[in-house]
Amino acid sequence: MRNTNISKKIIKWYDNNKRILPWRVKASNKKKQYFTLVSEFMLQQTQVKTVIPYFNEFILKIPDLESLSKIRNEKLMKCWEGLGYYSRARNLKNTAKKILKEFKGKLPDNEDDLKTLPGIGDYTSKAIMAIAYNKKIIPLDGNVERILKRTLYLKKEQEISKENLKKNKSFFGESNRASDYAQAIMEIGALICKPINPKCNECPIKKNCISFKKKDFHLTKINKAYNQKFFEIRLLKNKYKNYYLIKNHKFNFLKGMPILPMTEITKSKYENQVGKRISINISNMHMKIIMKKSKHVPYHNGLYVGINNLKNFTLPSFTKKLLNSVIRD
Ligand code: SF4
């Protein structure tokens with residue numbers, strides 16, 4: 001089933017079908033490295049089509065590492081507002097500072113140094129090496145995993161483990177156009193080998209695909225531990241119907257961002273209380289939240305936010321979602 005022509009077929013498809021993305025434009029090496037860094041941070045938890053306008057705006061306002069390292073946090077958060085997972089923005093700024101201080105302003109060109117930068121782990125270091133430095137590496141993202149599972153018909157739990165998928169990346173072989181090749185494989189996963197209804201007739205490697213032969217595209221998933229947590233939120237409203245928000249120093253998610261005053265509670269407390277309930281997924285956590293009215297100001301570092309004036313505040317979508325659910329009542 002392996003075919004030495006796979007890389008040629010994939011590259012040819014990419015040349016004819018790749019999306020025009022703002023971080024793929026022709027640019028100097030320095031700009032390309034910066035574009036790759038910013039886009040990879042944004043893409044860590046967010047889809048390409050959502051990232052595009054944010055990336056354009058970001059690059060316009062913060063065009064290089066120097067300006068990123070000096071930007072005020074409020075302005076940075078305003079640029080990131082709506083993208084979620086705000087720790088990425090803070091890590092990106094700290095990464096810029098560290099590159100300027102410890103790497104003479106040059107994005108490191110080896111995985112070990114890249115991994116010392118805040119917010120860069122195994123996947124992002126590999127993506128940067130492939131995309132910005134044309135190294136023959138294929139980063140294993142969800143798209144690449146899906147293609148491997150389908151082409152090689154990997155179904156069993158041990159077959160679809162990260163370790164086994166990494167080993168099976170050899171299926172793709174390699175290309176001298178390593179940067180394009182890594183992006184091409186991910187692009188096929190995003191546009192052709194979709195999770196549901198893959199467009200096999202347009203796929204350049206359908207002849208190499210066992211799932212296509214068997215007409216079985218079902219994907220097995222590894223059962224992830226269910227991380228469910230319970231919270232109580234206190235809604236404090238003033239006479240102008242504005243709600244009290246505090247700066248989050250307590251929880252690891254949304255650090256430093258405005259949130260409604262909240263406390264983690266036990267499951268039984270959650271179940272035995274009366275109040276409006278809402279469920280939100282955030283940072284691999286399934287949050288079950290109960291909201292209760294309060295007359296007591298819990299902390300004094302907060303501010304009141306006009307509920308009809310939300311767009312003028314830099315608020316995480318988590319907080320907006322909760323406030324919007326209150327408005328609907
Ligand atoms: S032939 Fe279909 S299932 Fe196989 S890799 Fe291509 S799109 Fe995916």
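Computed packing ranks the peptides 65-74, 180-189 as 180-189, 65-74, most packed first, by mean other Cβ atoms within 10 Å. Computed extension gain for residue 295 through residue 134, at 0.36 nm per residue and net of the alpha carbon distance, reaches 52.1 nm. The alpha carbon centroids of the stretch 115-147 and the stretch 184-243 are separated by 19 Å. Ordering 127-135, 99-107 by mean Cβ neighbour count within 10 Å, with the highest value first, yields 127-135, 99-107. Between residue 166 and residue 216, the FRET efficiency estimated from the beta carbon spacing at R0 = 22 angstrom works out to 0.40. Stretching residue 266 away from residue 176 to a fully extended chain increases their span by 26.9 nm, per 0.36 nm per residue minus the current alpha-carbon distance. Just grab the label-to-label distance for residue 67 and residue 104, each label 7 Å out from Cα along the Cβ direction, in nm (one decimal). Simple spin-label model gives 2.6 nm for this pair.
With R₀ fixed at 22 Å, the C-beta to C-beta distance from residue 194 to residue 286 puts the FRET efficiency at about 0.30. Taking amide hydrogens as placed 1.01 Å from N in the peptide plane, the amide H of residue 245 sits under 5 Å from those of 303, 304, 305, each at least 5 positions away in sequence or on another chain. The order of the peptides 22-31, 75-84 by mean Cβ neighbours within 10 Å, most packed first, is 75-84, 22-31.
Dipole magnitude for the chain: computed about the Cα centre from +1 point charges on Lys and Arg Cβ and -1 point charges on Asp and Glu Cβ, it is near 660 debye. Remark: the stretch 204-219, residue by residue, has Karplus-estimated 3J(HN,Hα) of x, 10, 4, 5, 9, 10, 6, 4, 5, 4, 7, 6, 10, 10, 5, 10 Hz, where x stands for each Gly or Pro and the curve is 6.51 cos²θ - 1.76 cosθ + 1.60 at θ = phi - 60°. Per-residue 3J(HN,Hα) values for the stretch 95-106, derived from phi via the Karplus relation 6.51 cos²θ - 1.76 cosθ + 1.60 with θ = phi - 60°, read 5, 4, 4, 5, 4, 5, 7, 10, 10, 6, x, 10 Hz in sequence order (x marks Gly and Pro). Going down the list 32/320; 106/321; 12/126; 269/295, which pairs span over 31 Å between their C-alpha atoms? Correct reply: 32/320; 106/321. On the basis of the beta-carbon distance and an R0 of 22 Å, residue 16 and residue 207 show a calculated FRET efficiency of 0.80.
In terms of surrounding Cβ atoms within a 10 Å radius of their Cβ, 138, 160 rank from fewest to most as 160, 138.
For the stretch 253-260, putting each phi into the Karplus relation 6.51 cos²θ - 1.76 cosθ + 1.60 with θ = phi - 60° gives couplings of 7, 6, 4, x, 9, x, 9, 6 Hz, in residue order, rounded to whole numbers and with x for Gly and Pro. Of all DSSP-defined beta bridges confined to the chain, some 65% are antiparallel rather than parallel. Take every DSSP beta bridge whose two residues both sit in the stretch 211-318; close to 65 percent of them are antiparallel.
Taken together, the values in this text are just the output of simple stated rules run on the coordinates, not laboratory data. Here the structure is a predicted model, which means the values were calculated and not measured. Note: ideal-geometry Cβ built from the backbone for every residue, glycine included; neighbour counts use all protein chains shown.
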